[in-house]
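What follows is one structure encoded as structure tokens, with my remarks underneath.
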Amino acid sequence: MAKINLENIRHSYLKRPQGPQDWALQQLDLEWTDGGAYALLGPSGCGKTTLLNIISGLVRPSEGRVLFDGIDLTERPADRRHIAQVFQFPVVYDTMTVWENLAFPLRNRGLAAAEIEQRVQAIAQMLDLTEMLQKRAAGLTADGKQKISLGRGLVRADVNVIMFDEPLTVIDPHLKWQLRSKLKELHQRTRRTMIYVTHDQTEALTFAEQVVVMHEGSVVQVGSPIDLFERPRHTFVGHFIGSPGMNILPCEVGDGGVLFAGQRIDVENRPTVPLNGRRTEIGVRPEFVLLDERGIPVQIIKVSDAGRYRIVEARCGENPIKLLLEEGVAVPAGNAGVRFDPAHTRLYADGQLLE
Amino acid sequence: MHGKTQNQMGWLFVLPVVALVAFNAVIPLMAVVNYSVQETFGNNMFFFEGVKWFEQVLHSDRFHASLGRQLVFSGIILAIEVPLGVAIALAMPRRGVWVSVCLVLMALPLLIPWNVVGAMWNIFALPDIGMLGRFINDLGFNFNYTQQPISAWATLIAMDVWHWTSLVVLLAYAGLSAIPDAYYQAAKIDGASAWAVFRYIQLPKMRRVLTIAILLRFMDSFNIHTEPFVLTGGGPGNATTLLSIDLVKIALGQFDLGPAAAMSIIYFLIILLLSWIFYAVMTRDEEQ
């Protein structure tokens, strides 16, 4: 069990990185508290697997230090960092039984037979694998194999952190949900630090207490699921999280306040510094766009039904605006007006939330 | 068949293949079967003899001796080439510019015809002027493949290992390359030793390609003819008279077509049986 710190970490897969585009991971500092459930969320290619492999020791960072409880482990390989990792595709040792698979990491570390037996039984019970212990691992379904991969991490007492690299990719949809709840339950029972890499916001938001959102090699926000939804600190977070994502609308900031489409918009965060020359945008989630005849004039383009509510796609000049309407609310056709809830409308400069 | 339409046109499409197989396999084989049950005389005179030739071959000491030599030879070949091939494949680089260099070097022996390999080693191992033969003699060993059975066998085995280990290497290398990195990473995290990685990841993942490699090397080595023929013609004495050398002696040397045909069929059935046993043993766990 340990607190993990990443200090000034930066990584490139090239030998001589030139510009910023050569860095798979831009410089970052991160702290992972002991026992937390983290998700590392971002689109494919944003550097999340690289970051994960740096923590596990499978990749050595080009720059910076990895500290476990203040001890520098940057140079130490994966097998000596007391970590466990579950990969995208289940890794099982085909020729072994389920029992032998679970016992493998303990046998390699030279534990006594009685202790191995006791731990394997305990973990098998936790993972509902007791019935299958004597079966050949090769014969299991993908979710069973993924449980074994996880079990090989849980069975060890010395594990500081268990890392998951998109572990549900090959699992059937109806089992994904089960396995996800299982993970959550296991986290609560064992209180081991878990870091879960995914590009799926549902997986991240349901599993994690803290979500680390990555974009183009940088960490753009670390926060609870509620934070990410309510106060996105970057337009990317607003757009990436939520379905549909946040409306990002270009605006002008001057003496008259924030102007969009010629109208003054009340925002929650007022600019305290001059924003000369910076790209300014307002962000408002579709949930907080309201119909108002006296508001900003828009054209309704399309209405789609999403169950309990409807998604209305509108257009104001060149800018698309989405809003959510509950069932039963009349949807105006053609021209309409909207306003933004001031408590949930924020100003962004160059993509960053102004604070 | 439920839900399938019967379409007689299908036969038309497989006809070319049927014709091809008939011409290159069935018809020659039937000719051999035909010879194996008859006594042949000049002027195309044939007399039916039933299974007489089969009985004769199966009870002949000469056949037993050739078969014994053949089994020992194939056994030695497999025992050397398979482990050596796997070891070389494991030692080859997995990425970088050296991969192509190694693959080309490995493929080179496979491109050389059998009789050229035989001729090369014949000269290479000559005790007086051959580089290898002379060298071994200079080291103080008495090496002469035309006089000593051991020398002849050693040369023959060296030749085959040089020629065909590459095939095992290439197949094993293909099997190794197909293992995803995650397996090695997981094994590392699990604290597995290099031996455990080989035993529990690499070897099981190579199983299918090794099955193919073993079958190919078994069948080829069991059929070997050109190399011993070029080296000593089956000598010294009968030391390297393996099955096919013996068969050709009977068929073309003595012109005993009946016994030769019966021996061909027995030879063929032995290969078929042993290949099936290898295959069954190596794939027995996969059906679970």
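Evaluate peptide A:75-87: per residue, the Cβ atoms of other protein chains within 10 Å of its Cβ; return the mean as an integer.
3
Under the rule of at least 5 residues apart or a separate chain, name every residue whose amide H is placed under 5 Å from the amide H of A:SER218.
A:GLN26
Translational D (Stokes-Einstein, µm²/s) of segment A:249-353 at 37 °C and 0.692 mPa s when Rh comes from the Kirkwood sum over C-alpha pairs?
228
Just in segment B:54-113: which trypsin sites (Lys or Arg not before Pro) are loop by DSSP and have at most 14 other Cβ atoms within 10 Å?
When the trypsin sites (Lys or Arg not before Pro) of segment B:54-113 are filtered for loop state and at most 14 Cβ neighbours within 10 Å, B:ARG94, B:ARG95 remain.
Roughly how many Å is it from the Cα centre of segment B:176-195 to that of segment B:130-152, as a whole number?
Using only Cα atoms, the two centres lie 45 Å from each other.
Enumerate the amide H contacts of A:VAL258 below 5 Å, restricted to partners 5 or more residues apart or on another chain; note that Pro and chain-start residues carry no placed amide H.
A:ILE265
Label 7 Å along Cα→Cβ of A:GLU209; segment A:38-56 residues with amide nitrogen under 14 Å?
It comes to A:38-39, nothing else.
What fraction of the Cα pairs in segment A:4-238, stated in percent, has a spacing above 32 angstrom?
On the way: 5655 of 27495 pairs.
For segment A:4-238, the fraction of Cα-Cα distances above 32 Å is 21 percent.
First select every other residue whose beta carbon is under 13 angstrom from the beta carbon of A:ASP34; then total the charges, Lys and Arg +1, Asp and Glu -1.
0
Using the per-residue mean of other Cβ atoms lying within 10 Å as a proxy for protection, in what order, highest first, do the peptides B:106-113, A:64-71 fall?
Highest mean packing first, the order is A:64-71, B:106-113.
Based on the Cα atoms of the protein assembly as shown, what semi-axes does the equivalent ellipsoid have, where each is the square root of 5 times one gyration tensor eigenvalue, given in whole Å with the largest first?
The three semi-axes for the protein assembly as shown are 72, 31, 25 Å.
Would you tally the net charge around A:LYS182, using a Cβ to Cβ cut-off of less than 15 Å, leaving A:LYS182 out, and scoring K and R as +1, D and E as -1? Write out the running numbers ahead of the final one.
Details: positive: A:LYS145, A:LYS147, A:LYS176, A:ARG180, A:LYS184, A:ARG189, A:ARG192; negative: A:ASP128, A:ASP143, A:ASP172, A:GLU185, A:GLU203.
Here the count lands on +2.
Semi-axes of segment B:1-50's equivalent ellipsoid from the Cα gyration tensor, sqrt of 5 times each eigenvalue, largest first, rounded to whole Å? If you can, show how the numbers build up before the last one.
Numbers: eigenvalues 305, 33, 12 Å².
After diagonalising the Cα gyration tensor, the semi-axes are 39, 13, 8 Å.
Mind giving me the nanometre distance, one decimal, between the label points for B:TYR279 and B:GLN8, set 7 Å out from Cα along Cα→Cβ?
Each label point lies 7 Å from its Cα, and together they span 3.4 nm.
Ranking A:HIS239, A:HIS215 by Cβ neighbours within 10 Å, fewest first, what do you get?
By the 10 Å Cβ count, ascending: A:HIS239, A:HIS215.
Add +1 for every Lys or Arg and -1 for every Asp or Glu among the other residues with Cβ under 12 Å from the Cβ of A:ARG278, and state the total.
Once positives and negatives cancel, what remains is -2.
Mind listing the Cα extents of segment A:136-212 along all three principal axes, in Å, largest one first?
Per principal axis, max minus min of the Cα coordinates gives 36, 31, 18 Å.
At 7 Å along Cα-to-Cβ for each site, give me the label-to-label distance between A:SER181 and A:LEU133 in nm.
It is 2.6 nm.
P(r) of segment B:15-75 in 10 Å steps, Cα pairs, percent per bin?
With a bin width of 10 Å, the distribution comes to 19, 27, 33, 19, 2.
Work out the FRET efficiency for A:ARG60 and B:MET131 from their Cβ-Cβ distance, taking R0 = 56 Å, and round it to the nearest 0.05.
Given R0 = 56 Å and the Cβ-Cβ separation, E is 0.70.
What FRET efficiency comes out for B:ILE271 versus A:ARG279 if R0 is 56 angstrom and r is the Cβ-Cβ distance? Round to the nearest 0.05.
It comes out at approximately 0.15.
List B:PHE218, A:PHE89, B:PHE141 from most exposed to least, where exposure is judged by having the fewest other Cβ atoms within 10 Å.
With the sparsest Cβ surroundings first, the list reads B:PHE141, A:PHE89, B:PHE218.
Between A:THR169 and A:GLU230, 0.36 nm times their residue separation minus their Cα-Cα distance comes to what?
Extra length available between A:THR169 and A:GLU230 comes to 19.1 nm.
Only sites in a loop by DSSP and with at most 15 other Cβ atoms within 10 Å count here; which trypsin sites (Lys or Arg not before Pro) in segment A:129-161 make the cut?
Passing both the DSSP loop test and the Cβ count: A:LYS135.
Sorted from largest down, give the three principal axis spans of the alpha carbons of segment B:62-255, whole angstrom values.
In descending order, the Cα extents are 64, 37, 28 Å.
Starting from the 7 Å offset along Cα-to-Cβ, what nm value, one decimal, do you get for the label separation of B:LEU20 and B:PHE255?
It works out to 3.7 nm between the two label points.
Using a Förster distance of 56 Å, how high is the FRET efficiency between B:VAL248 and A:ALA114, based on the Cβ-Cβ distance and rounded to 0.05?
0.30
Enter the mean number of other protein chain beta carbons within 10 Å of the beta carbon of each residue in A:88-95, as an integer.
6
Just for chain A, what percent of DSSP beta bridges are antiparallel, to the closest 5?
The antiparallel proportion sits near 75 percent.
Every number in this text was worked out from the coordinates using simple rules, so none of it is lab data. Note that this is a predicted model, so its numbers are computed, not measured. No Cβ is skipped: glycine too gets one built from the backbone with ideal geometry, and neighbour counts run over all protein chains shown.
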